[in-house]
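The values are calculated or read from the model by the stated rules, or taken from the named source; none is laboratory data. In this text the structure is predicted, and so the values were computed from the model without any measurement. Every residue, glycine among them, receives a Cβ derived from its backbone with ideal geometry; neighbour counts consider all protein chains shown. Note: accessible area is taken over every heavy atom of the protein model, side chains too, but ligands, DNA and RNA are not part of it. Shrake-Rupley method; radii C 1.70, N 1.55, O 1.52, S 1.80 Å.
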Amino acid sequence: MRFLPALLATLLTATQVPAADLIHFWDAPQHGGNSFNRLPPDQAYFDALKAYGASWVRLSYDKWKPAKRDFLIGDADKYEGIPAQDLATLKAALDRADKAGLKIVITPLSLPGMRWAQNNGNTFDGRLWQDKAWWPQAATFWKDLAAALKDHPGVAAYNIINEPAPEKSNGVAEHASADALSAWYAGQAGTARDLPAFYETVIKAIREVDPATPIMADAGWYAAADAFSYWPKPLTDDKVLYSFHMYEPYAATSAPNMKREKPYAYPGKVPFGDGEETWNRERIAAYLKQPVEWADSHNVPRNRMVAGEFGCMRRWEGCKAYLEDVLTALDDSKLHWAFYSFREDSWDGMDYELGTKKVHWSYWDAIDAGKPDPIKRKPGPEFDPIRKRL
């Protein structure tokens, strides 16, 4: 039996190598899409995204029908374990994405103490950022989920929470200056509004059961590209990806702009922060340099920086040019990215394969009936900036 230790060592090495290599998926720029659908995507959905050339999908499940109040967490008011039915539904979707050859980033929109506004009567739920008593529940949820998914071959990262906003209604303006954000954080460090400390708490819990799967951490203020500026240092885990979203200037790219008598144009002057600015290719490039400069100043490799979402209203006249300029800036910095969104079955606003026309009424009928989306998609000029780079 003297050979047994050597045999065990060989077996352990064989099982550990794939886990140790998970972070290396992110060594080269990866391009993909967001899936925020109301129904779990079928095989054709994932196959279609892969056929365009995508390598990953940022998958959210909060719109899916839950076994209890909230999908996967049971109840955001009191976490008591992952419902088996919800976990089985998620794993089946992961299996389909993996079969298509896509890597998956698991992305909750809700956590215990923070129910996603659209599942909360369109009311912001900031309990997680007001009382640290919620943190252990959030950490336990992620520990349970990591234990359940750590061996799934398709999972490429855990995105702890989508678009956190501990700063909201807490004394600092959105898009405040770096100095103002840093001064605000100096007074919040150690409190429930300390986003980096929250991440450290959750990551520690995940690592108790899963030492290998990369972690994706969104910036604050709804993952704003300028909101890493107040972080005094990177997180301590060596397998962290830092994510930001890009919809700026929001006054122009978002749905409310389409209802204006004269929508804000791109390029053009648009309200931003506490003033008005001219937004064009140069302004977009300068804005998107901010998270890169933060990374460079803290020796975070650029291949650990992710534009987790970006987009604009597909029927907006400036959308194609905007996408082109955003993608040019991201690719110039060699960042990972995922566009918002791919074939969303509950909102057509940023579904670029639909072109610039209104969606057929059958789309809305399917939503009302809880049936699959019947609309056929096809590539067109509005999708070209993304498609040619996938």
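Being among the small types (Gly, Ala, Ser) and part of a loop (DSSP other than H, G, I, E, B) is the filter here, so list the residues in the range 118-141 that pass it. Before you say what the answer is, go through the steps one by one.
Let us first name the residues in the range 118-141 that are among the small types (Gly, Ala, Ser), namely 121, 126, 133, 138-139.
Correct list: 121, 126.
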Item to complete: Inspect all residues belonging to the range 305-315 and state whether any of them is in contact (Cβ under 8 Å) with a residue 40 or more places away in the chain, over 16 Å from residue 224 (Cβ atoms) and not in a loop (DSSP other than H, G, I, E, B).
Response: no
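Inside the range 27-117, counting only strands (runs of 3 or more DSSP E) that do not spill past its ends, which hold 3 or more residues that are within 22 Å of residue 373 (Cβ to Cβ)?
Those strands (runs of 3 or more DSSP E) span 31-35, 56-59.
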Response to the item:
Reported set for the range 353-377 where residues are in contact with a helix residue (DSSP H, G or I) (Cβ under 6 Å, 6 or more places away or on another chain) and within 18 Å of residue 44 (Cα to Cα) is 353, 373, 374, 375, 377
Practice prompt. Working only within the range 243-265, note down all residues that are out of contact with any Asp or Glu (no Cβ under 8 Å at 6 or more places or on another chain) and open to solvent by 10 Å² or more (accessible area, probe 1.4 Å).
Written response: 248, 250, 251, 255, 256, 258, 259, 260, 261, 262, 264
Worksheet item: Within the range 209-223, can you find the residues that are under 12 Å from the mean Cα position of the chain (by Cα) and of a type in the set (D, E, K, R)?
Response: 218
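Look at residue 286 and say whether it is assigned to a helix (DSSP H, G or I), open to solvent by less than 40 Å² (accessible area, probe 1.4 Å) and farther than 27 Å from residue 160 by Cα.
On the way: assigned to a helix (DSSP H, G or I): yes; open to solvent by less than 40 Å² (accessible area, probe 1.4 Å): no; farther than 27 Å from residue 160 by Cα: yes.
Answer is no for this residue.
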Fill in: Residue, farthest from residue 341 (Cα to Cα), within the range 243-277, restricted to residues that are part of a loop (DSSP other than H, G, I, E, B) and in contact with a strand residue (DSSP E or B) (Cβ under 6 Å, 6 or more places away or on another chain)
264
Practice prompt. For the range 344-386, enumerate the residues that are surrounded by fewer than 17 Cβ atoms within 10 Å (Cβ to Cβ), in a helix (DSSP H, G or I) and in contact (Cβ under 8 Å) with a residue 12 or more places away in the chain.
Written response: 362, 367, 381, 384
Item to complete: Select from the range 316-329 the residues that are open to solvent by less than 20 Å² (accessible area, probe 1.4 Å) and either in contact (Cβ under 8 Å) with a residue 60 or more places away in the chain or of a type in the set (Ser, Thr, Tyr) (or both) and list them in ascending order.
Response: 316, 318, 319, 322, 323, 326, 327
Discussion item. Taking the condition of being in contact with a helix residue (DSSP H, G or I) (Cβ under 9 Å, 6 or more places away or on another chain) and farther than 14 Å from residue 328 by Cβ, how many residues in the range 277-291 meet it?
Written reply: 3
Worksheet item: residue 279 versus (1) out of contact with any Phe, Trp or Tyr (no Cβ under 8 Å at 6 or more places or on another chain); (2) buried (at least 20 other Cβ atoms within 10 Å of the Cβ): which is the lone unmet condition?
Response: (1)
Practice prompt. Only residues in the range 174-190 that are at positive phi count as the first member; pair them with residues that are at pLDDT 95 or above and small (Gly, Ala, Ser), Cβ under 9 angstrom, at least 6 apart or cross-chain, and list the lot.
Written response: 175/224; 175/227; 190/197
Worksheet, complete the sentence: Note: among 148, 176, just one is within 22 Å of residue 69 (Cβ to Cβ) and aliphatic (A, V, I, L, M), namely 148
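So that you can scan it fast, the table gives a plain yes or no per residue for (1) more than 18 Å from the chain's Cα centre (by Cα); (2) surrounded by fewer than 20 Cβ atoms within 10 Å (Cβ to Cβ); (3) β-branched (Val, Ile, Thr):
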{"site": "79", "(1), (2), (3)": "yes, no, no"}
{"site": "85", "(1), (2), (3)": "yes, yes, no"}
{"site": "105", "(1), (2), (3)": "no, no, yes"}
{"site": "128", "(1), (2), (3)": "yes, no, no"}
{"site": "132", "(1), (2), (3)": "yes, yes, no"}
{"site": "147", "(1), (2), (3)": "yes, yes, no"}
{"site": "156", "(1), (2), (3)": "no, no, no"}
{"site": "161", "(1), (2), (3)": "no, no, yes"}
{"site": "169", "(1), (2), (3)": "yes, yes, no"}
Discussion item. If a residue must be surrounded by 20 or more Cβ atoms within 10 Å (Cβ to Cβ) and at pLDDT below 95, how many such residues does the range 266-276 contain?
Written reply: 0
Worksheet item: Scanning for something open to solvent by less than 10 Å² (accessible area, probe 1.4 Å) and closer than 25 Å to residue 211 by Cβ, does the range 111-118 turn up at least one residue?
Response: yes
Response to the item:
From the option list 32, 74, single residue qualifying as open to solvent by less than 10 Å² (accessible area, probe 1.4 Å), within 20 Å of the chain's Cα centre (by Cα) and closer than 20 Å to residue 162 by Cβ is 32
